Amino acid sequence: MFKIYEPSQKQIINSNIFSYKNFLNKKLKKKFKNYQSLWQWSVNNPASFWDSIASYFYIPLKKNKNFLYLKKNSSFIKNIFFNNSQTNYYQRISDNLSNDLALHFIGENKYEEKITYKELNYRVNALGNYFLSKGIKKGDVIVGVLPNCPDAIISFLASAKIGAVWSSCSPDFGVQAIVDRFSQLKPKILVIGNYYFYNGKKYAYSHQLKKILPKLNNPLILKAAYPSSKKNSVLDKVYKQKKYENVNKAVFVDFNHPLYVLYSSGTTGLPKCITHSHGGVILQHLKELSLHTDVRSNDKMFFLTTCGWMMWNWMVSNLLIGSSIVLYDGSPFYPNPNSILRKIIKSNATILGAGAKIYETIQNHYSYNNKKNILNKIRSFLSTGSPLSVSTFSFINKNLNTHAPIYSISGGTDIVSCFMLGVPILPVYAGEIQGPGLGMNIDVFSSQGKPTRQTGELVCKTPFPSKPIYFWNDRNNKKYKEAYFNKYKNIWSHGDYVKKTKNGGYVIYGRSDATLNPGGVRIGSGEIYGALQNFRWIEDCVAAGYNMDNDEKIILFLKLKPKASLPDQFENIIKKHLKSTLSPRHVPWKILIIKDIPRTKSGKNSEIVIKKILNKVKVDNLGALANPSSLEEYRNIKL
């Protein structure tokens, strides 16, 4: 890998992480020679390190009797950070009543809206009071099906303020996908919009309520509206009503009180409800945004995401710093592939974030070949979701901005943060993630559970604050343990195949489990199977990922019932059904008819074996299969 960027000495000295190192020098009388020594100290001394993060960022904290920075336990899961203390995610934001820009909404329909911190807090306060007036108590669940718009952020913050628990889906999720997630939480309130725009079309979705409500035990409905000059939705009226104007302070809750619920991919059964805490999120996001991304209060982050992806939660935490956020809702490439570049320029954003596939699409359709630094206001680029190729690193550096670092970052919904990400005081090498996150004791293990310099499993050897506090409705942490601790005893196994480079960085080679990952968005095959259960001519099905053009394509295999005949245009029928009931991301690239599906001796379909065969990876442990002869059919497939 070749060096593509190196910070100047001036940039290093002016970076947030350099300031943090000086803070540690004064507080602990320690000097760190380089980033490696700083990282090593952070993982060797977790209590001191996370204490320093809380102190450096002035995190609002009430310490109770018998307070401990880290209550240790022999179980990875049961280690408790900041035990016997209280905080609230929203508190830092509520203190900012300035007229500085907080949110800049840009819709595909060209409507724009800007909201200051003063106005943001006014709306959050009103909505929080509305929730309280409806009997919402600390620990109750509030959910939203909303576009990437201000109302989504305001609803989340109002929920956090009063100690309720938030969860959201983007409006392109179908009824079943929404029900599969929210029904597990038994929400008291559902905030829902009316429509959204994508690729030049307007999609109404509030009519889905009739199908959703009965399966969610009929929560109270709060209707929002797509942002426009007409402010007449029920939610808009809540913001304006005087009876909700009384200013109440954020309710301090236990440091590890649930803040929001995110969802696993649902590879087996229903999506798992991964629950994250107020304190863990505050510590991790401030650390990552400030120290690893170098965000300052005068920055403006434009991150292409929906509120159904964890990067939305991560992006929102810019508000903890006092910086501003661009919320774009719609297709980045409407009406043409270069539209997103014009939107970024017009927004005056200083930090750009997106999935790797979006950068690749920009690269493949770029039409400004005679111009350099077309995004000259961008201070740094963030890429996630899937590995960013060497050629795309080079494209960004050569065409979009020759002076800005490219921070490839990797973590996930599981930790609502990153294991590996940018390090502003280090060089950037094309194709590599710069280094491990401070406080994240990661390593690469072989299948035998030993550290290796070869490609292996990404692991984290010691606990960290943003580990899930639990999975919702998971008795004795059974699902939690199965998700991360089946491979290695009491060591977090993340499910990524990675390799550490000679530069101290990391290269990710893809998922080590059966989770599908088209366009960098993790999708559970179990959701696809569930959606196809009512097709009477399908006996069984299996989905696997096929690596192509630095992306993963979904291949869906169908086993037909005996004597069943295929309907005309069966591929279109299935694709249309999956798009409407789940989401566009669940639609397979190809659908193939097969005779049999490989399965284990315990009766489970073996997706991983199929994935290996499709991608020309050696298949081991055939003895675990009940029908190994079935693999020959897959070996003969040509894609």
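Computed from the coordinates by the stated procedures, all read-outs in this text should not be read as laboratory data. Since this is a predicted model, take the numbers as computed values, not measurements. In this analysis, Cβ positions are derived from the backbone assuming ideal geometry, glycine residues included, and neighbour counts consider all displayed protein chains.
Fewest to most neighbouring Cβ within 10 Å: what's the order for 254, 329, 549, 540?
Starting with the residue having the fewest Cβ neighbours, the order is 549, 540, 254, 329.
Report the rotationally averaged projected area of the chain based on its alpha-carbon convex hull, in square nanometres.
Mean projected area for the chain: 28.8 nm², to one decimal.
Which of the peptides 179-192, 330-343, 605-618 is most tightly packed, and how do the rest follow, judged by the mean count of other Cβ atoms within 10 Å per residue?
The most tightly packed comes first, giving 179-192, 605-618, 330-343.
For the chain, what is the calculated [θ] at 222 nm in deg cm²/dmol (nearest 500), taking -39500 (n - 2.57) for each run of four or more DSSP H residues and dividing by its residue count? Walk me through the numbers on the way to the answer.
Details: 20 runs with 170 residues, N = 639.
So the calculated ellipticity at 222 nm is -7500 deg cm²/dmol.
Over all Cα pairs of region 3-83, how is the pair count split among 5 Å bins, expressed in % and running from 0 up to the last occupied bin?
Result, from short to long distances: 3, 12, 18, 22, 16, 14, 8, 5, 3, 1, 0 percent.
Give me the dipole magnitude in Debye, nearest 20, for the chain about the Cα centre, with unit charges on the beta carbon: positive for Lys and Arg, negative for Asp and Glu.
980
Could you list 172, 496 in order of exposure, starting from the residue whose Cβ has the fewest other Cβ atoms within 10 Å?
172, 496
Within the set of other residues whose C-beta is less than 13 Å from the C-beta of residue 389, count the net charge using Lys and Arg as +1 and Asp and Glu as -1.
Once all neighbours under 13 Å are counted, the net charge is -3.
Give me the three principal axis extents of region 518-635 from the C-alpha atoms, as integers in angstrom, largest value leading.
39, 39, 22
Rank the residues 368, 205 as a footprinting-exposure proxy: fewest other Cβ atoms within 10 Å of their Cβ go first.
368, 205
For region 545-621 and region 273-328, write down the distance between their C-alpha centroids in whole Å.
35
Within region 52-153, which trypsin sites (Lys or Arg not before Pro) sit in a loop by DSSP and count at most 11 neighbouring Cβ atoms inside 10 Å?
The qualifying sites are 78, 110, 137.
Which net charge results for the neighbourhood of residue 454, defined as the other residues with beta-carbon distances under 12 angstrom from its beta-carbon, given Lys and Arg at +1 and Asp and Glu at -1?
+3
Take the alpha carbon atoms of region 395-446, find their center, do the same for region 74-135, and report the distance between the two centers in whole angstrom.
The two parts, judged by their Cα centres, are 27 Å apart.
Pull up the DSSP beta bridges for region 518-635 and report the antiparallel fraction as a percent, rounded to 5.
Counting only bridges with both partners in region 518-635, antiparallel ones make up about 70 percent.
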